[in-house]
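The values are calculated or read from the model by the stated rules, or taken from the named source; none is laboratory data. Here the structure is a predicted model, which means the values were calculated and not measured. For neighbour counting, all protein chains shown are included, and Cβ atoms are generated from backbone atoms with ideal geometry for every residue, glycine included. Quick note on the areas: whole protein, heavy atoms, side chains included, nothing else; ligands and nucleic acids left out. Shrake-Rupley method; radii C 1.70, N 1.55, O 1.52, S 1.80 Å.
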Amino acid sequence: MESSCDETAAAVVRDGREVVSSIVASQIDLHAVHGGVVPELAARAHLEVIGTVVEEALAPLPGGWDAVDAVAVTRGPGLVGCLLIGVLYAQTAAVARRVPIVGVSHMAGHVYSAWLSDSALEPPYLALVVSGGHSDVVELRAHGDAVRLASTRDDAAGEAFDKAARLLGLGYPGGPAVERAARGGDRDRFPMPRTRLDSALSFSGLKTALRYTIRDLGADALTAAGTPRDPAVVSDLAASFQAAVIQQLLHVLTTTADRRDAGRIAVVGGVAANQALREAVQRQFAGLRVTVPPLSLCTDNAAMIGAAGWHRLRAHGPDVDGVVVDPVLDEYA
Ligand code: KG4
Ligand code: ZN
């Protein structure tokens, strides 16, 4: 089960790797009018649907709950009210059904989404984890043993996309909107800075550059809300911004891969749904094994939590004293 942000998800995963079912109830419509996720609304919405989502996930499993051997649930990082709904539901079910439970890091789930989607992929592999809250390069050295090799110093890549979308008047969620706007745009029209740090990322300078570039278009070119009027300008700005983000991600992934002499690369997390990024990584690492999960496994889902939970259970056993929610959990296990 997964409820860390604005998706309520449940999945049945057999032996860690075979996805029997994966149900995701998105709250996009609920939050779109507010331009971002409203934590309290998100928590209430999780509470309303989690029972149905779990039932739906169990429906294709012969025997239903009776066939469940263990429960895995996201315990962090995420919004505390949202995490609590998933963890309390999972904990209650585990006690009632007398099955072991294991709390899982949402980030470990993202790393395992690659393993789940590629049956030939085994550790060690390098994962670029790019989501709304994280931008890390992580090495899964062995199952249950992940180490972070690079990270962002400020914003996450997804967060940068979301903020760029706001500046461009493209709404929420920002990533897909910027990607759509960027299609056919001229990425060389508005030069954007690239922050080049070998083991770190930074997007704040890029965000500021976008803001000033828009301001410098002049009042006549802007709407009352301060966003560019001309769709062609929006498209060119989106393309320039997206190209800069992708180049920075490629840079840090390449330097880390060289340093670690990596043979297998994965790109995971919501931003991995970005087609331009997917293609750029495939091109850049043409000689290596590159895994980019299908879109349904890139954005938040519970199947990846099932996979990560399966390994955690094998490596560390169940959480016999109960699962503790940690909104700022900073681990990949
Ligand atoms: O992994 P995820 O679903 O949730 C978190 O764990 O944060 O990632 C959500 C993030 C959002 O910031 C969203 O704008 C971004 O992923 N995203 C994208 C695309 N689809 C989602 N960013 C760029 N291009 C996309 N196509
Ligand atoms: Zn996520």
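Based on what the data block shows, is Leu168 touching a strand residue (DSSP E or B) at 6+ places or on another chain (Cβ under 8 Å), open to solvent by less than 50 Å² (accessible area, probe 1.4 Å) and of a type in the set (A, V, I, L, M, F, W, C)? Taking the combined requirement at face value, the residue satisfies it.
Taken over region 255-275, the criterion of being surrounded by fewer than 17 Cβ atoms within 10 Å (Cβ to Cβ) and not charged (D, E, K, R) is satisfied by Gly263, Gln275. Taking the conditions exactly as written (in contact (Cβ under 8 Å) with a residue 40 or more places away in the chain, in contact with a Cys (Cβ under 9 Å, 6 or more places away or on another chain), within 16 Å of ligand 2 (Cβ to nearest atom) and farther than 15 Å from Gln247 by Cα), does Gly175 satisfy them or not? Answer is no for this residue.
Report whether or not Ala72 is within 16 Å of ligand 2 (Cβ to nearest atom) and under 17 Å from Leu313 (Cβ atoms). Spelling it out, Ala72 is indeed within 16 Å of ligand 2 (Cβ to nearest atom) and under 17 Å from Leu313 (Cβ atoms).
Per-residue answers, yes or no, for (1) surrounded by fewer than 24 Cβ atoms within 10 Å (Cβ to Cβ); (2) under 28 Å from Asn274 (Cβ atoms); (3) of a type in the set (Val, Ile, Thr):
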residue	(1), (2), (3)
Val49	yes, yes, yes
Val102	no, no, yes
Asp118	yes, yes, no
Ala127	no, yes, no
Leu140	no, yes, no
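Among the listed residues Leu116, Leu140, Leu128, Leu149, which satisfies the condition of being part of a strand (DSSP E or B), in contact with a strand residue (DSSP E or B) (Cβ under 9 Å, 6 or more places away or on another chain) and closer than 24 Å to Glu7 by Cα? It is Leu128. If you check Gly263 against the conditions, is it in the same structural domain as Leu201 (by TED's automatic domain parsing) and in contact with a His (Cβ under 6 Å, 6 or more places away or on another chain)? The answer is no for Gly263. Taken over region 204-226, the criterion of being within 18 Å of Gly175 (Cα to Cα) and either in contact with a helix residue (DSSP H, G or I) (Cβ under 7 Å, 6 or more places away or on another chain) or surrounded by fewer than 14 Cβ atoms within 10 Å (Cβ to Cβ) (or both) is satisfied by Leu206, Lys207, Thr208, Leu210, Arg211.
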